[in-house]
Amino acid sequence: MPFKSEKQRKWMWANDPEMAQEWEDEEKLEEEKKEATNPKMKKKDLVEYIKSKKMVNEQNRDQYDFPRLNEITGQERRDIMRYFEMLRQSGIINMFGAHSILNWAKDDLHRFLYGERNDPESIEREIEEEEYDNEDGENDSDISILEDKLEKINYLLDNKQKIRDVLIRAALNRIDNTDGNHEMRNVQRIFEKMAKEAWHFWVGIQQI
């Protein structure tokens, strides 16, 4: 996932160096691909460009008041951010309500998708219908769009339980480190709160 702005780059290096490095590596690969297809861009110029992108002024890093999600590891945070991004790209829900999906079980998500005719089975049928009517090849782009959507939907379903488990563990850790109240109602409250915090974290990154 490339950086959207220099502010976002600085904030990520200041607050989540592991994710920042991952994004830097992806950006580097993209630039290397461009170099391979653009003979006007010399390798030396590419290296200098990448170095300049990675330079961060330690004294001028911008700090933002985002939820810290201290109970979640760096890898878990990256997994959640990637999940939000796949939700956004799938187009199955307005992202203002996306945090609630993090609390759902896989069956809940599948029922929601089925009700919207966005479940894998419905999309596969659409693809089959498009392929059947595609003798002249005019529907190739529609088929490609549906196949891309199916891939994202399957990702969301396949990773649903993993993301939910991350938030459950994080909620229990927060309770252990605060009031120790493990009543079901309180666990559910913290569980839902952490999903909202994760959403605010994702939104904050998009706005940098």
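The values are calculated or read from the model by the stated rules, or taken from the named source; none is laboratory data. None of these values were measured; they are calculated from a predicted model. Neighbour counts run over all protein chains shown; Cβ positions are idealised from the backbone, glycine included.
Out of all the residues in segment 105-123, which are among the charged types (D, E, K, R), within 20 Å of the chain's Cα centre (by Cα) and either under 19 Å from ASP142 (Cβ atoms) or not assigned by TED's automatic domain parsing to the domain that holds ASP148 (or both)? Within segment 105-123, just ASP119 meets the criteria. I want to confirm something. Restricting to segment 49-92 and keeping residues that are in a loop (DSSP other than H, G, I, E, B) and modelled with pLDDT of 90 or more, which single residue is surrounded by the most Cβ atoms within 10 Å (Cβ to Cβ)? So, considering only residues that are in a loop (DSSP other than H, G, I, E, B) and modelled with pLDDT of 90 or more, the one surrounded by the most Cβ atoms within 10 Å (Cβ to Cβ) is ILE72. A single entry from LYS160, LYS193 fulfils the requirement of being assigned by TED's automatic domain parsing to the domain that holds SER122 and in contact (Cβ under 8 Å) with a residue 24 or more places away in the chain: LYS160.
If you check ALA14, ALA36 for being out of contact with any helix residue (DSSP H, G or I) (no Cβ under 7 Å at 6 or more places or on another chain), surrounded by 14 or more Cβ atoms within 10 Å (Cβ to Cβ) and modelled with pLDDT under 75, only one passes: ALA14.
Only one entry of TYR155, TYR114 meets the criterion of being in a helix (DSSP H, G or I), over 30 Å from LEU69 (Cα atoms) and among the aromatic types (Phe, Trp, Tyr), and that entry is TYR114.
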